[in-house]
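The values are calculated or read from the model by the stated rules, or taken from the named source; none is laboratory data. The structure displayed is predicted, hence computed values, not measured ones. Cβ coordinates were reconstructed from backbone atoms using ideal geometry, including for glycine residues, and neighbour counts include every protein chain displayed. Note: areas computed on protein heavy atoms with side chains; ligands, DNA, RNA excluded. Shrake-Rupley method; radii C 1.70, N 1.55, O 1.52, S 1.80 Å.
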Amino acid sequence: MYELGYVDYIISGPGDNTFPKLLDVLEGNSDKNLMLIRNLIFKNEDGKIIQTVKEALLDQDSLPQYPYTYFNTFYPLENYLAKTFMGKKTFAYHSSMGCPFTCSFCAVVPIYNAKWKAKAAPTIYKDLKYFKEKYNIDAVEFHDNNFFTSKKRVMEFSKLVIDDNIEWWGEGRIDTINKYSDEELHYMRKAGCRMIFLGAETGNDEVLKQMNKGGTQSGEMIKSFVKRMKAVDIIPRTFVRTRITW
Ligand code: SF4
C-alpha cells in the first residue's frame, strides 16, 4: 500500500472528549498514554496502526451548547441559512446520534452499533429559539439518522415549536411513525412538520426480508402509510433502492 503520510491521527467516533485530550498530549500538557484515549486511530513507534477502545455515545444533553457566537466571528452564520422549499432561512440541525436498527445495507450501523442518543426536546428548542430570535429562521432540516425514534420526544418538541412559525423535516422509519396516531400526525403538521424522509426500500416483502431491515415494514404498510401522510398533508419522501443490472 502506498502511504502519503498526510494523516497522523484519526478520531473515529465523537470527538467531544477525544479531541481535547489528544491536543493536550500533542501540546505537552499531558503525558497520558495515547492508548488510553478512546476513539483514536494512530501509528505507534513501530509503525503499527493502533485503534483504541470506542467510547459509548455521549449523553447529548450533557454536552455544552455549540459556541455559535464564536463561529460567527470567523464566518457569518447567516450565510449557512439557505433558502429551501420550506422557507427563506433554513437551519440544518442534528438532534440525535445513531440509530437503534441494524439494516444490512446501512452505513450508520457499523458506526453506531445500533445505539441511539438524542437531545431532549427542550434542548433542541433552546437552540432553535436562539436562531429564531437572532436570525429569524423559518425552517429546519433535521439531519438525524432517525429523528422520529422516540414519539414522546417528537410530540414534546412539536408542542414547544407549534407557535413559532417554523417548517421542518426529518428522517424516519415507516414502521416507527406508522405507530403514531392520526391525531399525533395532525398535531405534528400543525407544529410545522412539512416532510418526512422515509426508507421504503422496496414494496416486495421477500426483498425487504433479505434487506434485514428489522421492524415490521411491509409493502402493504408502505402503501397505507403514504395514504395516511397524504391525509395529514405531510410529504412522504420515500427512498427506494433498486439494483441495475447491465
Ligand atoms: S433505520 Fe435507517 S438509519 Fe437506521 S439502520 Fe436502518 S436504514 Fe440505517
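So which strands (runs of 3 or more DSSP E) stay within region 8-52 end to end and still have 3 or more residues that are in contact (Cβ under 8 Å) with a residue 24 or more places away in the chain and open to solvent by less than 60 Å² (accessible area, probe 1.4 Å)? Full working, then the answer.
On the way: elements: 9-11, 40-43, 49-51.
In region 8-52, the matching strands (runs of 3 or more DSSP E) lie at 40-43.
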Restricting to region 99-118, what's the tally of residues that are over 14 Å from E171 (Cβ atoms), of a type in the set (G, A, S) and open to solvent by 70 Å² or more (accessible area, probe 1.4 Å)? 1
Going by the conditions given, is I124 under 15 Å from W169 (Cα atoms) and in a helix (DSSP H, G or I)? yes
In the same structural domain as T149 (by TED's automatic domain parsing), over 21 Å from A121 (Cα atoms) and assigned to a loop (DSSP other than H, G, I, E, B), is that true of T84? yes
Read through the list (1) surrounded by fewer than 20 Cβ atoms within 10 Å (Cβ to Cβ); (2) within 22 Å of the chain's Cα centre (by Cα), then give the number of the only condition that T202 fails. (2)
Please enumerate the residues belonging to region 221-240 that are within 16 Å of the ligand (Cβ to nearest atom) and in contact with a helix residue (DSSP H, G or I) (Cβ under 9 Å, 6 or more places away or on another chain). M221, I222, F225, P236, T238
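If we only count helices (runs of 4 or more DSSP H) wholly inside region 150-220, which ones have 1 or more residues that are within 13 Å of the ligand (Cβ to nearest atom)?
Details: elements: 151-161, 174-177, 182-190, 205-210.
Output list reads 174-177, 205-210.
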Looking at M155, is it open to solvent by 30 Å² or more (accessible area, probe 1.4 Å), within 19 Å of the chain's Cα centre (by Cα), under 30 Å from N113 (Cβ atoms) and in the same structural domain as K88 (by TED's automatic domain parsing)? yes
Filter region 62-81 down to residues that are in contact (Cβ under 8 Å) with a residue 60 or more places away in the chain and assigned to a helix (DSSP H, G or I), then give me how many there are. 1
